[in-house]
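What follows is a short report on a single structure.
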Amino acid sequence: MGRRRILIITSSIDETASYIVNKYSSFADFFRVDVDKFDQYRFYIDNEGWNILDNNSKATSSDIYSIYYRKPILPDLSSYDPQYHSMIQRDIISVINGIVDSFSGKVLTKPSILRKTENKVYQLMYASKNAWNIPQSYIGNNRHDCSKYEKSESIIKPLTTGKTHGSNGWELYQTNMFKGIHEDISLTPVYLQNYIPKQFEVRITIVERQAYPIRIDTKNPVDWRSDYQNHKYTKITCPNSIIEKCYQMMDAFNLMFGAFDFIVDEEDNWVFLEVNPNGQWQWLEEKLNLNISEKIVEYLVM
């Protein structure tokens, strides 16, 4: 058996994709599509299937064994009339996602699955129905409904990615303590939760049935992502009941990969925060000498 061909759908700034290609190029044949460089590829789709050509080689629907759908970013469209930006972006995404969603081989993970499982409402409803230990939460667009969260310690967190781009460049909105809302939010729904003091946080990265639970100690009491320079990472063993719940959610969501975030409160209770079905993992692999990338590539070639 020759080397399997793996199509990676991502962007030119995805260092994790580069890390995988460089580390496993002798193990698999990678064809990388950086969606932000869409015009540097030739896409050809007809009744027989699809071809993608770059300057050096070609990938086809018949010779690709699996797809790793990573972190696509849309191209810079500043040279086009702004009137057409959203239409062009939709068309590009339609081509890329159509190729991936229609692929009959292995995909980690199809965008149609990601769209559903990344949704915070979807996750909240699942966790509530399946008796997960979660904070009291509110998602909505009426500021009067938020008033009870002003009366106790609460947090406000992004409902989606929390990234915006404007005249000042990129801005990132992270989880913060909730101080109340006085503006009209009828068109800007918010996500609120009761604040739970924690001993530490846990990231459980799972590939198929291989779990990598990591304890994260940080000085930031609200959001560990805003305090990377002060983190301490430790491999831990977490309760089997927690791992089993993660497996059950992955099965229900049709996931082979998931990055689960928990806090452990002052009474040693494990509190589920969210799962990122396409979360980052490279920095943990490098910090703790894990083999997450090996398990991902094994899944894609087996």
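The values are calculated or read from the model by the stated rules, or taken from the named source; none is laboratory data. The structure presented is a predicted model; accordingly, all values stated were derived computationally and were not measured. Cβ coordinates were reconstructed from backbone atoms using ideal geometry, including for glycine residues, and neighbour counts include every protein chain displayed. For accessibility, only protein heavy atoms count, side chains too; no ligands or nucleic acids. Shrake-Rupley method; radii C 1.70, N 1.55, O 1.52, S 1.80 Å.
Do you know which of the residues in region 22-40 that are open to solvent by less than 40 Å² (accessible area, probe 1.4 Å) and in a helix (DSSP H, G or I) is nearest to Gly98 (Cα to Cα)?
Per the stated criteria, the residue is Val35.
Among the residues of region 133-141, is any closer than 11 Å to Leu192 by Cα and touching a residue at least 60 places away in the same chain (Cβ under 8 Å)?
Yes: region 133-141 contains one or more residues that are closer than 11 Å to Leu192 by Cα and touching a residue at least 60 places away in the same chain (Cβ under 8 Å).
Of the conditions (1) closer than 30 Å to Phe178 by Cβ; (2) in contact with a Leu (Cβ under 6 Å, 6 or more places away or on another chain), Tyr68 fails just one. Which one is it?
Tyr68 satisfies all of (1) closer than 30 Å to Phe178 by Cβ; (2) in contact with a Leu (Cβ under 6 Å, 6 or more places away or on another chain) except (1).
Need the failing condition index for Asp63 against (1) in contact with a Pro (Cβ under 9 Å, 6 or more places away or on another chain); (2) surrounded by fewer than 18 Cβ atoms within 10 Å (Cβ to Cβ), just the number.
(1) is the only condition that Asp63 fails.
Confirm whether Phe43 is under 21 Å from Val301 (Cα atoms), open to solvent by less than 50 Å² (accessible area, probe 1.4 Å) and touching a strand residue (DSSP E or B) at 6+ places or on another chain (Cβ under 7 Å).
Working: under 21 Å from Val301 (Cα atoms): no; open to solvent by less than 50 Å² (accessible area, probe 1.4 Å): yes; touching a strand residue (DSSP E or B) at 6+ places or on another chain (Cβ under 7 Å): yes.
Taking the combined requirement at face value, the residue does not satisfy it.
Residues are listed down the side, and each one gets a yes or a no for (1) in contact with a Leu (Cβ under 6 Å, 6 or more places away or on another chain); (2) of a type in the set (Lys, Arg); (3) open to solvent by 10 Å² or more (accessible area, probe 1.4 Å); (4) over 19 Å from Phe200 (Cα atoms):
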| site | (1), (2), (3), (4) |
| --- | --- |
| Pro239 | no, no, yes, no |
| Ile242 | no, no, yes, no |
| Gln248 | no, no, yes, yes |
| Asn254 | no, no, yes, yes |
| Ala259 | no, no, no, no |
| Glu274 | no, no, yes, no |
| Gly279 | no, no, no, yes |
| Glu298 | no, no, yes, yes |
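Quickly run through region 243-298 and pick out the residues that are of a type in the set (Asp, Glu) and more than 26 Å from Val21 (Cα to Cα). Walk me through how you get there before you give the answer.
Step one: filter region 243-298 for residues of a type in the set (Asp, Glu), giving 244, 251, 261, 265-268, 274, 285-286, 294, 298.
Listed by number, the residues that qualify are Glu244, Asp251, Asp261, Asp265, Glu266, Glu267, Asp268, Glu274.
Please tell me if Asn22 is closer than 30 Å to Glu286 by Cα and either small (Gly, Ala, Ser) or without any contact (Cβ under 8 Å) to a residue 12 or more places away in the chain (or both). Working first, answer last.
Numbers: closer than 30 Å to Glu286 by Cα: yes; either small (Gly, Ala, Ser) or without any contact (Cβ under 8 Å) to a residue 12 or more places away in the chain (or both): yes.
Taking the combined requirement at face value, the residue satisfies it.
At least 2 residues that are modelled with pLDDT of 95 or more and among the hydroxyl-bearing types (Ser, Thr, Tyr) in each: list the helices (runs of 4 or more DSSP H) lying fully within region 238-302 that qualify. Working first, answer last.
Working: elements: 240-253, 282-288, 292-301.
By residue number, 240-253, 292-301.
Where residues in region 115-134 are among the basic types (Lys, Arg) and open to solvent by 80 Å² or more (accessible area, probe 1.4 Å), which of them is farthest from the chain's Cα centre (by Cα)? Working first, answer last.
Our first condition is that a residue be among the basic types (Lys, Arg); within region 115-134, this holds for 115-116, 120, 129.
From what's left, open to solvent by 80 Å² or more (accessible area, probe 1.4 Å): 115-116, 129.
Values: Arg115: 10, Lys116: 12, Lys129: 23 Å.
Per the stated criteria, the residue is Lys129.
Looking at Tyr84, Tyr126 in this structure, which one is over 30 Å from Asn47 (Cβ atoms) and of a type in the set (Phe, Trp, Tyr)?
Selected residue: Tyr126, the only one of Tyr84, Tyr126 that is over 30 Å from Asn47 (Cβ atoms) and of a type in the set (Phe, Trp, Tyr).
Has region 239-246 got any residue that is among the basic types (Lys, Arg) and more than 17 Å from the chain's Cα centre (by Cα)? Full working, then the answer.
To start, the set of residues in region 239-246 that are among the basic types (Lys, Arg) comprises 245.
Those left that are additionally more than 17 Å from the chain's Cα centre (by Cα): 245.
Within region 239-246, one or more residues are among the basic types (Lys, Arg) and more than 17 Å from the chain's Cα centre (by Cα).
Give, as residue ranges, the strands (runs of 3 or more DSSP E) completely inside region 112-217 that count at least 2 residues that are at pLDDT 90 or above and small (Gly, Ala, Ser). Outline the logic, then answer.
Numbers: elements: 137-140, 154-157, 163-166, 169-172, 190-194, 198-207, 210-217.
It comes to 137-140.
Would you please name the residue that is modelled with the highest pLDDT, looking only at residues in region 218-237 that are open to solvent by 60 Å² or more (accessible area, probe 1.4 Å) and in a loop (DSSP other than H, G, I, E, B)?
Per the criteria, the residue is Thr237.
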